Amino acid sequence: MVSVAEALEEVLTSALPQNCITVGVYEAAKSLNADPDNVVLCLLATDGEEEDVALQIHFTLIQAFCCENDINILRVSNMRRLAEILGGGKPMEEPMDLHCVLVTNPQSLLWKDPALSKVNRFCRESRCLDQWVPVINLPD
């Protein structure tokens, strides 16, 4: 049985070549504002307890928007692993703002992706347990 963290990694690696990933708090906010119905998952990433008040305000606003628009949200720890997944191990000229990552609905069949179904089911089950933004730790 595949863990939720492994399923999330699978969703990200399959969405990346389809250009279905939006990275960055500002870019995510623009995408959410422009077409919220196209967003299938929102990831809010931190390593440990972030002390950045502005970032926490952004997270609160993004969470509220996602809840209002029925978009599943996950908190992700291990930003280094998230960078590996999204950067593919390639050296980048400029570091990515991985604090917010959106997965959008591609023109292909990502909706029928069993990994995405597993992640969405985990989010629904967490909400039933009053965990509105469950935390996933990506394994190394």
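Just so it is clear, none of the values below were taken in a lab; they were calculated from the coordinates. All values derive from a computational prediction rather than experimental measurement. Methodologically, a virtual Cβ is constructed for each residue, glycine included, from the backbone with ideal geometry; neighbour enumeration extends over all protein chains shown.
Looking only at the range 15-26, how many residues end up being over 13 Å from the mean Cα position of the chain (by Cα) and in contact (Cβ under 8 Å) with a residue 40 or more places away in the chain?
Our first condition is that a residue be over 13 Å from the mean Cα position of the chain (by Cα); within the range 15-26, this holds for 17-19, 26.
Imposing the further condition that a residue be in contact (Cβ under 8 Å) with a residue 40 or more places away in the chain reduces the set to 18-19, 26.
Residues meeting the conditions: 3.
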- [ ] Can you give me the number of residues within the range 27-46 that are more than 18 Å from A83 (Cβ to Cβ) and among the hydroxyl-bearing types (S, T, Y)?
- [x] 1
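Could you list, in sequence order, the residues of the range 4-17 that are surrounded by 13 or more Cβ atoms within 10 Å (Cβ to Cβ) and out of contact with any strand residue (DSSP E or B) (no Cβ under 9 Å at 6 or more places or on another chain)? Talk me through it step by step, then tell me what you get.
Within the range 4-17, the subset surrounded by 13 or more Cβ atoms within 10 Å (Cβ to Cβ) is 4-16.
Those that are surrounded by 13 or more Cβ atoms within 10 Å (Cβ to Cβ) and out of contact with any strand residue (DSSP E or B) (no Cβ under 9 Å at 6 or more places or on another chain): E6, A7, E9, E10, T13, S14, L16.
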Open item on the list: For the range 1-20, give me each residue that is under 15 Å from N72 (Cβ atoms) and outside any helix (DSSP H, G or I).
Closed with: C20
